[in-house]
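Student: Sharing a structure with you now.
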Amino acid sequence: MRNEDATGGFILTASHNPAGPDGDFGIKFNTAGGGQASARLTEAITERTRAIDRYLIATGVPEIDLDRPSASFIGDMRIDSVDAVAQYADKMETLFDFDAIRDAVKDGMCVRFDAMNAVTGPYASEILVRRLGLPELTVMRGTPREDFGGRHADPNPHEAHELRSLAYGEHPPDLLAASDGDGDRNMILGPHTIVSPCDSLAVLAANATRVPGYRDGLVAVARSMPTSHAIDRVAAKLGIPCVETPSGWRYFASLLEAGRISLCGEESFGTSSNHCREKDGLWAVLFWLNLLAVTGRSVPELLAAHWAEYGRTFFLRHDFRIPDAAAAQAVIAGLRDALPDLVGRQLAGRTVVAADDFAYDDPVDGMRSERQGLRLILESDARIVFRLSGTDTAGATLRVYIEDHTDDPARFNEDAMVALAPFAEAARDLARITQLTGLESPTSMV
Ligand code: NI
């Protein structure tokens, strides 16, 4: 939209769900800056729809060729079909050092990108294969399919298990990555390594000036509240603000649009920057490729160097899919009532130093968002967050986010699941999850 100076844009999308007559279908509206419509604009549009008294339908409209760049007309209205892949690839060439990546490829850098039969296949083929010189087999499942080939196009270690096998196999590629159904999220792996999205965000921020598009440094960064404090430590060292927003990309879009932040991300595998106002999966992959190429370091080496400088923040998320939405609400209500009495109590051997219900005032439009998640801050930089997500007739998902920080190099290679186990147990007991929902263990762990 910014390339074409569009006033706005409608996106016909099933997001990362399977599409088609029996699948999902949605319409999104993004504004001239490229970002999602703000809450205020969305409300105004909803209000206007209540006053619509007629609409017109054009008949005899010719077929519009969407397969190649072209111009056609409906009456006096001109319709241009543009090549979004080429435009995107051109944009990426301005942000990243394609020469350095091409040199690293010539020196044998090996990459696997799992497009999960979703939208990024053609983009990855154009950029990774055609422009960067990687072999064809770099792009796995590169053909977009309406049903994603019958699988769940979600970039997590479970769905992208082929990648995980390759990463932990005998001759792992230097970088392995996947993006989701609509290309906005990303997962990064390296030899014997899965990079936590929170760490990925922190590493990108810490190394931003190594990349041409961010050579002048970052104005400020942002993370969603449940995302770990790893990036806060980078921001503190860089002397720039780190904004904590509620979950939901539109909060970032507002800050990006106003030029208040240059880079942002969330624990749910979304990362992006001011180059576009949406999260951008392939962008994050190219960022990592650029870092590998210019530092000569491997993914585990980049992580180790990061932890040596900033310490390691362990992070994990436990999801409880609760069939009875009322039971899920009861868990949160019980915790909310207990909040005032939690400060000073011991949890997993640590004192609770703060407990609150997160609220956010958008500095751009002044809108206040309340009840965005319950936060328990424990001594020595540990934290437990409880949040309900996806509440509908089929139930709700209770998300429990746990983090802890260490500056002890002897602990850097510990498994996050092991390091955080005492907190996970304390969180489950405190929230009385088993008593209130009947669930003995999380439905999924990320
Ligand atoms: Ni998505």
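The values are calculated or read from the model by the stated rules, or taken from the named source; none is laboratory data. None of these values were measured; they are calculated from a predicted model. Methodologically, a virtual Cβ is constructed for each residue, glycine included, from the backbone with ideal geometry; neighbour enumeration extends over all protein chains shown.
Student: Taking helices (runs of 4 or more DSSP H) that do not extend beyond the range 241-321, which have at least 1 residues that are within 16 Å of the ligand (Cβ to nearest atom) and farther than 27 Å from HIS405 by Cβ? Outline the logic, then answer.
Tutor: Details: elements: 249-257, 281-295, 299-310.
Fully inside the range 241-321 and qualifying: 249-257, 281-295.
Student: Going by what's in this entry, would ALA326 be described as hydrophobic (A, V, I, L, M, F, W, C) and either outside the structural domain of ALA153 (by TED's automatic domain parsing) or modelled with pLDDT under 95 (or both)? Lay out the reasoning, then the answer.
Tutor: Numbers: hydrophobic (A, V, I, L, M, F, W, C): yes; either outside the structural domain of ALA153 (by TED's automatic domain parsing) or modelled with pLDDT under 95 (or both): yes.
Yes.
Student: OK, next. Within the bounds of the range 23-41, is there any residue that is closer than 19 Å to PRO144 by Cβ, among the polar types (S, T, N, Q) and surrounded by 11 or more Cβ atoms within 10 Å (Cβ to Cβ)?
Tutor: No: zero hits.
Student: Have a look at ALA253, ALA258 and point out the one that is of a type in the set (A, V, I, L, M), surrounded by fewer than 24 Cβ atoms within 10 Å (Cβ to Cβ) and in the same structural domain as LEU201 (by TED's automatic domain parsing).
Tutor: Values: ALA253 fails: surrounded by fewer than 24 Cβ atoms within 10 Å (Cβ to Cβ).
Being of a type in the set (A, V, I, L, M), surrounded by fewer than 24 Cβ atoms within 10 Å (Cβ to Cβ) and in the same structural domain as LEU201 (by TED's automatic domain parsing) holds for just one of ALA253, ALA258, which is ALA258.
Student: When the residues of the range 77-115 are narrowed to those that are part of a strand (DSSP E or B) and of a type in the set (Asp, Glu), which ends up nearest to ASN290 (Cα to Cα)? Steps first, answer last, please.
Tutor: If we filter the range 77-115 for residues that are part of a strand (DSSP E or B), which is where we start, we get 77-81, 111-114.
Going one step further and asking which of them are of a type in the set (Asp, Glu), we end up with 80, 114.
Numbers: ASP80: 33, ASP114: 18 Å.
Across the range 77-115, the extreme among qualifying residues is ASP114.
Student: A further question follows. Is it the case that some residue within the range 20-30 is under 30 Å from PRO363 (Cα atoms), in contact (Cβ under 8 Å) with a residue 40 or more places away in the chain, in a loop (DSSP other than H, G, I, E, B) and not assigned by TED's automatic domain parsing to the domain that holds THR209? Full working, then the answer.
Tutor: The initial filter retains those residues of the range 20-30 that are under 30 Å from PRO363 (Cα atoms), namely 26-30.
Then keep just the ones that are in contact (Cβ under 8 Å) with a residue 40 or more places away in the chain; that gives 30.
Filter once more, so that each one left must be in a loop (DSSP other than H, G, I, E, B): none.
Scanning the range 20-30, I find no residue that is under 30 Å from PRO363 (Cα atoms), in contact (Cβ under 8 Å) with a residue 40 or more places away in the chain, in a loop (DSSP other than H, G, I, E, B) and not assigned by TED's automatic domain parsing to the domain that holds THR209, so the answer is no.
Student: Now, a different point. Checking PHE73 against (1) in a helix (DSSP H, G or I); (2) outside the structural domain of PRO172 (by TED's automatic domain parsing): exactly one of these is not met. Which one?
Tutor: (1)
Student: Quick one: is VAL105 β-branched (Val, Ile, Thr) and within 31 Å of the chain's Cα centre (by Cα)? Walk me through how you get there before you give the answer.
Tutor: On the way: β-branched (Val, Ile, Thr): yes; within 31 Å of the chain's Cα centre (by Cα): yes.
Yes: the conditions hold for VAL105.
Results for (1) more than 20 Å from GLY213 (Cβ to Cβ); (2) in contact (Cβ under 8 Å) with a residue 40 or more places away in the chain; (3) surrounded by 16 or more Cβ atoms within 10 Å (Cβ to Cβ), shown as yes or no for each residue.
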residue	(1), (2), (3)
TRP283	no, yes, yes
VAL294	no, yes, yes
GLU309	yes, yes, no
ARG317	yes, yes, yes
ILE322	yes, yes, yes
ALA328	yes, yes, yes
ASP356	yes, no, no
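Student: Please count how many residues of the range 148-171 are surrounded by fewer than 18 Cβ atoms within 10 Å (Cβ to Cβ) and either under 20 Å from the mean Cα position of the chain (by Cα) or within 21 Å of MET445 (Cα to Cα) (or both). Even if it seems obvious, please write down each step before you answer.
Tutor: Narrowing the range 148-171 to residues surrounded by fewer than 18 Cβ atoms within 10 Å (Cβ to Cβ): 149-152, 157-158, 161-162, 165, 168-171.
Within this subset, residues satisfying the condition of being either under 20 Å from the mean Cα position of the chain (by Cα) or within 21 Å of MET445 (Cα to Cα) (or both) are 151-152, 157-158, 161-162, 165, 168.
Qualifying residue count for the region: 8.
Student: Pairs, please: C-beta under 6 Å, at least 6 apart or cross-chain, first residue surrounded by fewer than 23 Cβ atoms within 10 Å (Cβ to Cβ) and in the range 102-128, second among the basic types (Lys, Arg) and not in a helix (DSSP H, G or I)?
Tutor: ASN117/ARG141; ASN117/ARG145
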